[in-house]
Amino acid sequence: MESEPVCSKSTYGGLLSVIALCACVSVFTACGKKIKSWQRGTLAHPCMTEDSRPEELFAKQHMLGARESTQGASGETGGGCGCN
Amino acid sequence: MRLQLAKGARSLAVVLAVVLAVVLAIVLALPSAATADGRAATWLEVYDDDDGLNVISSQVSVRGEALDGVELSASHEVDVISAATADVISAASPRGYEENRHGLSFGAQWEIEEGTILSARFLPSWEVDYRSQAAVLGFSREWVDRRLTTSITGRLSLDEVGRSGSDEHAFKDVNTVALGLRLGWIASRYTLLQANYEPQRSKGYLSDPYRFVDILWANGNAVSADEVVPDKRIRHAMAVSVRHAFTEEWFLAGNYRFYFDSWGMTSHTGEVELQHATGWDDIVLGLSARAYRQSAADFQKSTYETMTDTLPQYRTSDKMLAESWSVLGGPRAEYSFGELAFLKDLRLAMKFEVYKQRFKGIATIKRRFAKTAALGASSEF
């Protein structure tokens, strides 16, 4: 008498999917570690904040936007060209 | 006409300066100002290249908490441009030109609840041959114990482009709609990750009204024709960036951006910045470098030839649409004077950068070398 396989192929596939999903979720939530507010000190440093010098960022993007044709996804440049 | 516009621009600049002062006064005079977080800043940057272009840009900006959870902001920037670049000399004016560009920004953001922000901005700008009015709406929210930030922005820009001194009715429309999607992620107590995606659609007159293109006929004669490019352009830009603190004094930021559009252009941009801070952020020294490469637009050619009596449908001599690469980089320094009178943290920053660009398939220019120097001051109040 042939014994029934413990897990069918589809069961294995389902298990693998669940494991993959769990792995993705745990990576996405930084391996399950919770960062307390008092641990954000370094993250609050101006060097870690993109918005800490908006004038510089604007001036840089505006200058590059008038010299290179492929803008986008790097901050607002405002209107007008100031180019030629 | 040009003189009238210049006088108009000067008057507007005065009006805008007054408007900014009034905004600042209102922000400071509001009852909540005593406990409000506010910031005022100015930035002056000089650009000079070996192609005869000189731009002096200045910005003044102010923001402050007007009501509980509501922040208002305003800024004004001016570009004073003097140019005698090779293509401008050959196409528009034999001696180059001088002109001013003004830009304004009025914004408000409302923190609906902790970690949820709604924002709106209006950005008009104008120069003698280009006018723009842009509106930006944004919404951002923090999730997962405030470690994940998702943002969505929508931008509508209604622009008009013409020639300096041309009739008001000769200006043509360019409309742009853009969407911005951003994910920010606190990966650890030392590392921040970010991903951006921005699709953008522009429709209207996207050519340069000053630019002319030489066309070679089969009989060997050449004719100069106005530039014509497609009247629609769909762009896609996506970027990933990382910020990492090695210690409380050493920081590294890196960014990679990929771009492609319906004109067949693609580009890759890589950027890094290393910063060293002492005394938390009393002195910050930085060094940045950026490398960029773009492919040419499908219709861009170094020379246009035709065997028939019809001109090529699309034709351009725009170096911005040619294959090119560039590098940009330089040092930056920032110093804090600490608390002075009612100013909470007066800071002075300066930056110097060099920019080198190389073009392929452009007859008038092969390379460009530029220097930028900038000085800025900011303070919280």
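The values are calculated or read from the model by the stated rules, or taken from the named source; none is laboratory data. Everything numeric here is computed off the predicted structure, so don't read it as measured data. Neighbour counts are summed over all protein chains in view; Cβ atoms, including those assigned to glycine, are modelled from backbone coordinates with ideal geometry. Each accessible area value is taken on the protein alone, full model and side chains, heavy atoms only, with ligands, DNA and RNA left out. Shrake-Rupley method; radii C 1.70, N 1.55, O 1.52, S 1.80 Å.
Which one of these is under 30 Å from B:Leu252 (Cβ atoms), among the polar types (S, T, N, Q) and touching a His at 6+ places or on another chain (Cβ under 9 Å): B:Gln200, B:Gln194? Every option except B:Gln200 fails the conditions. Kindly provide the set of residues from the range B:43-77 that are β-branched (Val, Ile, Thr) and either more than 29 Å from B:Phe139 (Cα to Cα) or facing chain A (nearest Cβ under 10 Å) (or both), ordered by number. Of everything in the range B:43-77, those that are β-branched (Val, Ile, Thr) and either more than 29 Å from B:Phe139 (Cα to Cα) or facing chain A (nearest Cβ under 10 Å) (or both) turn out to be B:Val46, B:Val55, B:Ile56, B:Val60. For B:Asn221, the conditions (1) touching a residue at least 24 places away in the same chain (Cβ under 8 Å); (2) surrounded by fewer than 17 Cβ atoms within 10 Å (Cβ to Cβ); (3) under 13 Å from B:Tyr304 (Cα atoms) all hold with the exception of (1).
Scanning the range B:276-290 for residues that are touching a Cys at 6+ places or on another chain (Cβ under 8 Å) and not in a strand (DSSP E or B) turns up just one, B:Asp281. Residues that are in a strand (DSSP E or B), open to solvent by 50 Å² or more (accessible area, probe 1.4 Å) and touching a residue at least 24 places away in the same chain (Cβ under 8 Å) within the range B:244-265 comprise B:His244, B:Trp250, B:Phe260, listed in sequence order. Across the range B:365-381, the qualifying residues are those that are open to solvent by less than 30 Å² (accessible area, probe 1.4 Å) and within 12 Å of chain A (Cβ to nearest Cβ), and the one among them that is nearest to B:Ala41 (Cα to Cα) is B:Ser378.
Among the conditions (1) away from chain A (no Cβ under 12 Å); (2) within 27 Å of B:Ala245 (Cβ to Cβ), B:Glu114 misses just one, which is (1). The set of residues from the range B:169-196 being crowded, with 17+ Cβ neighbours inside 10 Å, more than 27 Å from B:Ala225 (Cβ to Cβ) and under 18 Å from the mean Cα position of the chain (by Cα) comprises B:Ala178, B:Gly180, B:Asn196.
Anything in the range B:333-348 that is surrounded by 13 or more Cβ atoms within 10 Å (Cβ to Cβ) and of a type outside the set (A, V, I, L, M, F, W, C)? List them, or say none.
B:Glu334, B:Tyr335, B:Ser336, B:Lys344, B:Asp345, B:Arg347
Considering only residues of the range B:152-168 that are touching a strand residue (DSSP E or B) at 6+ places or on another chain (Cβ under 6 Å) and polar (S, T, N, Q), which is surrounded by the fewest Cβ atoms within 10 Å (Cβ to Cβ)?
Filtering first and then ranking leaves B:Thr153.
Consider B:Arg293 carefully, then state whether it is open to solvent by 80 Å² or more (accessible area, probe 1.4 Å), assigned to a strand (DSSP E or B) and within 27 Å of B:Asp50 (Cβ to Cβ). Here the answer is yes, as B:Arg293 does meet what is asked. Summed over the range A:26-77, residues that are modelled with pLDDT of 55 or more, open to solvent by less than 40 Å² (accessible area, probe 1.4 Å) and either at the interface with another protein chain (Cβ under 7 Å from one of its Cβ atoms) or assigned to a helix (DSSP H, G or I) (or both) total 24.
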